[in-house]
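Student: Here's a structure for you.
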Amino acid sequence: MATEPIKNIKSKVLSHFWGKLERIDYDFRFKNNTWKRLSREVYGKSDGVAVLLYNPETKSVILSKQFRMPAYIADPRSGFSIEVCGGAIDPDESPETAVKREAREEIGYQVSNLKSVGTVFLSPGIVKERVHLFVCSYKNSDRIDTGGGVDAEDEEIEVLEMPFKQAVEMIPTGEINDARTIMLLQYAQIHKLLE
């Protein structure tokens with residue numbers, strides 16, 4: 001029976017400002033059966049959710065636009081990100097409950113017919129967050145508020161309703177470069193949700 005490929009795992013918290021940044025030291029066994037002490041940083045807060053709202057009648061989708069500091073640091077010309085609705089799962093909250101809350105807060109829609117399409121790591125080399133992905137059809141009567149985010153969380157979110165075709169065309173131009181959004185738009189394309 002093969003032994004585990006890692007042992008002697010030690011964790012040291014480097015920062016706990018917003019999320020938790022840890023340094024993880026561990027022994028790793030390579031295929032040639034040699035062991036080496038390695039160190040990695042792991043960052044995360046909690047798991048998250050993302051949902052693409054789509055209207056099969058109007059062939060439209062609901063997206064949001066908001067400022068993202070990491071995107072700005074990477075390229076000051078792209079600090080504003082066009083994305084699907086999403087956010088962190090609160091303690092003792094299911095992914096479905098989190099999606100419903102985020103949809104109300106961010107885009108002002110009441111969602112009910114959620115379909116789970118998978119759970120993914122967006123950057124497993126450093127970020128431990130898993131994102132639960134959903135799609136949900138909507139109609140105009142599902143809008144219960146203007147959305148825009150939560151003031152107490154310093155959110156300022158612009159709600160965008162656009163043709164699905166236009167959103168898909170924004171991927172190769174780089175106007176949409178958020179991985180969750182690209183995955184969900186492509187899911188809708190593959191499964192012909194708006195045909």
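Student: Determine ³J(HN,Hα), in whole Hz, for all residues of the stretch 17-23 in sequence, where each value follows from phi through the Karplus function 6.51 cos²θ - 1.76 cosθ + 1.60 and θ = phi - 60°; x replaces Gly and Pro.
Tutor: Taking θ as phi minus 60°, the curve returns 6, 10, x, 10, 9, 10, 9 Hz for the stretch 17-23.
Student: Need one word for the stretch 57-141: rounded, prolate or oblate. Basis is the Cα gyration tensor (sqrt eigenvalues a ≥ b ≥ c); a/c below 1.5 gives rounded, then a/b vs b/c decides.
Tutor: Values: a/c = 1.96, a/b = 1.26, b/c = 1.55.
Since a/c reaches 1.5 but b/c is at least a/b, the shape of the stretch 57-141 is classed as oblate.
Student: Once the other residues with Cβ under 12 Å from the Cβ of Asp27 are scored (Lys, Arg +1; Asp, Glu -1), what is the net sum? Walk me through the intermediate numbers first.
Tutor: On the way: positive: Lys7, Lys10, Arg29, Lys36, Arg37; negative: Glu4, Asp25.
For residues surrounding Asp27, the net value is +3.
Student: So what's the stretch 1-138 giving for Cα Rg divided by 2.2 N^0.38 Å, two decimals? Please report the intermediate quantities before stating the final value.
Tutor: Numbers: Rg = 19.2 Å, N = 138, 2.2 N^0.38 = 14.3 Å.
Dividing the Cα Rg of the stretch 1-138 by 2.2 N^0.38 Å gives 1.34.
Student: Which residues' amide hydrogens lie under 5 Å from the amide hydrogen of Tyr138, considering only partners 5 or more residues apart or on another chain, with H built in the peptide plane?
Tutor: Tyr54, Asn55
Student: Just the accessible area for Arg143, please: 1.4 Å probe, Å², rounded to the nearest 10?
Tutor: Taking all protein chains as shown, Arg143 has close to 100 Å².
Student: Once the dipole of the stretch 135-195 is set up with Lys and Arg at +1 and Asp and Glu at -1 on Cβ about the Cα centre, which of Ala179, Gly148, Ile190 lies farthest towards its positive end?
Tutor: Ile190
Student: Show me, for the stretch 64-70, the HN-Hα J-couplings you get by feeding each phi into the Karplus relation (A = 6.51, B = -1.76, C = 1.60, θ = phi - 60°), rounded to Hz, glycine and proline as x.
Tutor: Listing the rounded values in order: 10, 10, 8, 6, 10, 4, x Hz.
Student: Each residue of the stretch 29-36 in turn: what ³J(HN,Hα) in whole Hz from Karplus with 6.51, -1.76, 1.60 and θ = phi - 60°, glycine and Pro shown as x?
Tutor: Result, rounded to whole Hz: 9, 7, 4, 7, 6, 8, 9, 9.
Student: Here's another thing I want to ask about it. Using a Gaussian network model on the chain with a 10 Å cutoff between Cα atoms, which of Ser60, Ser46, Ser15 fluctuates the most?
Tutor: Maximum fluctuation in the GNM of the chain, among the listed residues, is at Ser15.
Student: Could you pull out every residue, at least 5 positions away or on a different chain, whose amide H is within less than 5 Å of the one on Ile89? Hs are placed 1.01 Å off N in the peptide plane, and Pro or chain starts have none.
Tutor: Residues meeting the amide H criterion: Asp47, Gly48, Val49.
Student: Under a point-charge model restricted to the Cβ atoms of Lys and Arg (+1) and Asp and Glu (-1), what is the dipole moment magnitude of the chain relative to its Cα centre, in debye to the nearest 20?
Tutor: On the way: 26 positive and 30 negative charges, 248 e Å.
Approximately 1200 debye in magnitude.
Student: All other residues with a Cβ under 15 Å from the Cβ of Ser112 taken together, and with Lys, Arg as +1 and Asp, Glu as -1, what is their net charge? Working shown, then result.
Tutor: Details: positive: Lys100, Arg101, Arg104, Lys115, Lys139, Arg143; negative: Glu96, Glu102, Asp142.
Its environment carries a net charge of +3.
The values are calculated or read from the model by the stated rules, or taken from the named source; none is laboratory data. If you're wondering where the values come from, they're calculated on a predicted model, not measured in any experiment. All Cβ positions, even for glycine, are placed from backbone atoms using ideal geometry, and neighbour counts span all protein chains on display. We work out accessible area using only protein heavy atoms, side chains counted, and drop any ligands, DNA or RNA first. Shrake-Rupley method; radii C 1.70, N 1.55, O 1.52, S 1.80 Å.
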